[in-house]
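One structure is given below, encoded as structure tokens.
The values are calculated or read from the model by the stated rules, or taken from the named source; none is laboratory data. No experiment lies behind these values; they were computed from the predicted model shown. Because the Cβ atoms are built from the backbone with ideal geometry, glycine has one as well, and the counts that use them run over all protein chains shown. Side chains included, ligands, DNA and RNA excluded: accessible areas come from the protein's heavy atoms. Shrake-Rupley method; radii C 1.70, N 1.55, O 1.52, S 1.80 Å.
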Amino acid sequence: MLWNEKIPRGSFQDENGKNINLKVILGEYYGVKAQEPLKNSWAIDPKHHVGIALVEMEPGAIFKLNAVSKTLNRFVFFYDGTSTISVEDYKMQERFIADLAGDEEIVITNGDKKAKILILEGEPINEPVFAYGPFVMSSEKELQEAFNDYRRTQFGGWPWGEKESDLVNPKDSGRFASYNFDKEIDRP
């Protein structure tokens, strides 16, 4: 769980003095290092080169992605802007995604309006992928088991408001996360 205010951020200027703002969810970019990944996640191993970052670029800004490895999967999604960005020599419009080489330095140059991009990268897990609806598993059998679990429990069996005793927090209780599962906890 990531609280917005805890996501590491950085601001810097490119070689031409143009401003770039970063939010680093996983990995490290321009010296801004993400929080430690969960201990059982693929991202915990630095050899997996998992990186997720939100980058906001002022007009004309240049952002560079370093070469990492030949096997790295790397995507850049241009999700907010009214102009274009250039990924090397290729122009991209808003809502387009680029599949990029992981073993090359990639230069992203913004056009004449503010732009926001999402960077997703990491080494492949090398597992088969079976997906249907909201379920993504590693085999057809696991996919069927997920559907059976859902039919039996509706994602864990919580009846979502069928009883008056269901846990519902007052609007003014503030934000919290609990890992006490079924234990009484004090609320601020």
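Per residue, how much accessible area does the stretch 16-57 show when a 1.4 Å probe rolls over the protein heavy atoms, in square angstrom?
Working: 2440 Å² over 42 residues.
Heavy-atom accessible area per residue stands at 58 Å².
Measure up K18/K116; K70/K113; K47/K141 against 21 Å on the Cα-Cα distance and list the ones that go over. Each step should come with its number before you reach the end.
Details: K18/K116 14 Å; K70/K113 33 Å; K47/K141 30 Å.
Where the Cα-Cα span goes over 21 Å, the pairs concerned are K70/K113; K47/K141.
Once amide H atoms are placed 1.01 Å from N in the peptide plane, what residues at a sequence separation of 5 or more from I25, or on another chain, have their amide H within under 5 Å of its amide H?
Answer set, sorted by chain and number: I52, A53, L54.
Give, as a single signed number, the net charge of other residues whose beta carbon lies under 15 Å from the beta carbon of T71, with Lys and Arg counted +1 and Asp and Glu -1. The partial results should precede the final answer.
Numbers: positive: K47, K70, R74; negative: D45, D99, D103, E104, E121, E123, E127.
With Lys, Arg at +1 and Asp, Glu at -1, the neighbours total -4.
Ignoring any ligand, DNA or RNA, what whole percent of the accessible area of the stretch 1-111 comes from carbon and sulfur when the probe is 1.4 angstrom?
Values: 3370 of 6660 Å².
Solvent-exposed carbon and sulfur of the stretch 1-111 make up 51 percent of the total.
Please give the net charge around V87, taking every other residue with its beta carbon less than 14 angstrom from that of V87, where Lys and Arg add +1 and Asp and Glu add -1. List each step's numbers first, then the result.
Values: positive: K64, R74, K91; negative: E88, D89, E94, D99, E104, E105, E121.
Residues near V87 contribute -4 overall.
For the stretch 1-106, with the dipole built from +1 on Lys and Arg beta-carbon atoms and -1 on Asp and Glu ones, taken about the Cα centre, which of S11, G51, Q35 lies farthest toward the positive end?
Farthest towards the positive end: Q35.
Could you pull the Cα extents of the stretch 11-108 along its three principal axes, largest to smallest, in whole Å?
Extents along the principal axes: 40, 26, 23 Å.
When Lys and Arg each count +1 and Asp and Glu each count -1, what net charge do the other residues less than 15 Å away from H49, Cβ to Cβ, add up to?
Details: positive: K33, K47, K70, R74; negative: E28, D45, D103, E104, E105, E121, E123.
For residues surrounding H49, the net value is -3.
Rounded to the nearest 0.05, what FRET efficiency is calculated for N4 and N40 with R0 set to 25 Å and r the Cβ-Cβ distance? Write down the numbers at each step before the final one.
On the way: r = 24 Å, r/R0 = 0.95.
FRET efficiency, N4 to N40: 0.55.
Among 18-28, 38-48, 103-113, how do they line up by average Cβ neighbours within 10 Å per residue, starting with the highest? Walk me through the numbers before you get to the answer.
On the way: 18-28: 18.9, 38-48: 11.5, 103-113: 16.8.
Ranked from most to least packed, the peptides come out as 18-28, 103-113, 38-48.
What full-extension length gain, to one decimal in nm, is calculated for F75 and I97 as 0.36 nm per residue of separation minus the Cα-Cα distance?
Numbers: separation 22, 0.36 × 22 = 7.92 nm, distance 0.67 nm.
Working it through step by step, the gained length comes to 7.2 nm.
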